[in-house]
Amino acid sequence: MVLLGRKVPRLNRVYDAVAAEGLEPLLYPMDLEGATPDDHAQVPASIESELGRLDGLMHCVAEFRGLTPLMHTDPGAFARAIHVNLTAPWWLTQACLPLLSKAADASVVFAVDDLARVGKPFWGGYGISHHGLAGLVRMLHAELANSPVRIAGLCPGPMRTALRARAYADDADPTARSPEEFGAACVELLSPAGAAHRGQVWMPGAGDAWR
């Protein structure tokens, strides 16, 4: 397991939690906002050197500063949301595909927000980027349908996170769940059992998936 992110203290906390379960992950500090395509290309090279293989890739990145009308959105903030939420995950996926393709069964999973919700007014670059992610899942799945690399999305629905608090200051949604509750869904999509959701954006617990 490799944990990639820009904030080392947070990576260390996740490392400790994983290590407590008996697995020693590797840490790979990288700021997706500033990383170049060459930086992304170095990731699979390092993984292959250290571990020899790559069986799955899970994207859980999120860049969201709050609800703002598009007309008043700072251009830099808009570009940052598109890049961090959509472009950077694609760069990393593109860089890792050759190594993933060497596995007998591999998976790439993108966390995708509820498009019906983030397609509403004021969701700005964040909402647009997640519509792009859903399109990326569909297109990449079609292109890799006959390869050992499975493509899927995970739409967890409302979660009690700092990101959600930026959109809903007084959130009283009783359906909002803890992010930890979706760990099993992540494992399923990354495992061979995820073949049942290949090419889909899966909504666990909703009894549904959309393509």
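The values are calculated or read from the model by the stated rules, or taken from the named source; none is laboratory data. Nothing here was measured: the structure is a model prediction, and the numbers come from that model. In this analysis, Cβ positions are derived from the backbone assuming ideal geometry, glycine residues included, and neighbour counts consider all displayed protein chains.
Checked against (1) part of a helix (DSSP H, G or I); (2) modelled with pLDDT of 90 or more; (3) under 23 Å from residue 18 (Cα atoms), residue 182 meets all criteria but (2). Does region 45-56 include one or more residues that are touching an Asp or Glu at 6+ places or on another chain (Cβ under 6 Å), surrounded by 12 or more Cβ atoms within 10 Å (Cβ to Cβ) and of a type in the set (A, V, I, L, M)? Taking every residue of region 45-56 in turn, none turns out to be touching an Asp or Glu at 6+ places or on another chain (Cβ under 6 Å), surrounded by 12 or more Cβ atoms within 10 Å (Cβ to Cβ) and of a type in the set (A, V, I, L, M). Residues in region 105-115 that are assigned to a loop (DSSP other than H, G, I, E, B) and under 16 Å from the mean Cα position of the chain (by Cα) were compared, and the one that is farthest from residue 83 (Cα to Cα) is 114. In region 61-69 there is no residue matching the filter, namely being modelled with pLDDT of 95 or more and either in a helix (DSSP H, G or I) or crowded, with 18+ Cβ neighbours inside 10 Å (or both). Just so you know, in region 116-169 the residues that are among the aromatic types (Phe, Trp, Tyr) and outside any helix (DSSP H, G or I) include one that is modelled with the highest pLDDT, and it is 122. Among residues of region 26-51 that are over 21 Å from residue 87 (Cβ atoms), those with a Cβ under 8 angstrom from a residue that is part of a helix (DSSP H, G or I) and hydroxyl-bearing (Ser, Thr, Tyr), sequence gap 6+ or separate chain, pair up as 27/15. With the condition kept exactly as written, say whether any residue in region 129-147 is among the basic types (Lys, Arg) and either touching a Lys or Arg at 6+ places or on another chain (Cβ under 9 Å) or surrounded by 18 or more Cβ atoms within 10 Å (Cβ to Cβ) (or both). For region 129-147, residues among the basic types (Lys, Arg) and either touching a Lys or Arg at 6+ places or on another chain (Cβ under 9 Å) or surrounded by 18 or more Cβ atoms within 10 Å (Cβ to Cβ) (or both): present.
Matching residues to (1) outside any helix (DSSP H, G or I); (2) under 24 Å from residue 184 (Cα atoms); (3) among the polar types (S, T, N, Q):
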{"residue": "3", "(1), (2), (3)": "yes, yes, no"}
{"residue": "13", "(1), (2), (3)": "no, yes, no"}
{"residue": "18", "(1), (2), (3)": "no, yes, no"}
{"residue": "24", "(1), (2), (3)": "yes, yes, no"}
{"residue": "31", "(1), (2), (3)": "yes, no, no"}
{"residue": "34", "(1), (2), (3)": "yes, no, no"}
{"residue": "39", "(1), (2), (3)": "no, no, no"}
{"residue": "42", "(1), (2), (3)": "no, no, yes"}
{"residue": "45", "(1), (2), (3)": "no, no, no"}
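Out of curiosity, is residue 90 more than 24 Å from residue 1 (Cβ to Cβ) and either touching a residue at least 40 places away in the same chain (Cβ under 8 Å) or touching a Cys at 6+ places or on another chain (Cβ under 8 Å) (or both)? So residue 90 fails the test. For region 96-111, the count of residues that are of a type in the set (D, E, K, R) and free of Cβ contacts under 8 Å to residues at least 24 places away in the same chain is zero.
Here residue 102 clears all of (1) closer than 19 Å to residue 154 by Cα; (2) assigned to a loop (DSSP other than H, G, I, E, B); (3) of a type in the set (D, E, K, R) except the condition numbered (1).
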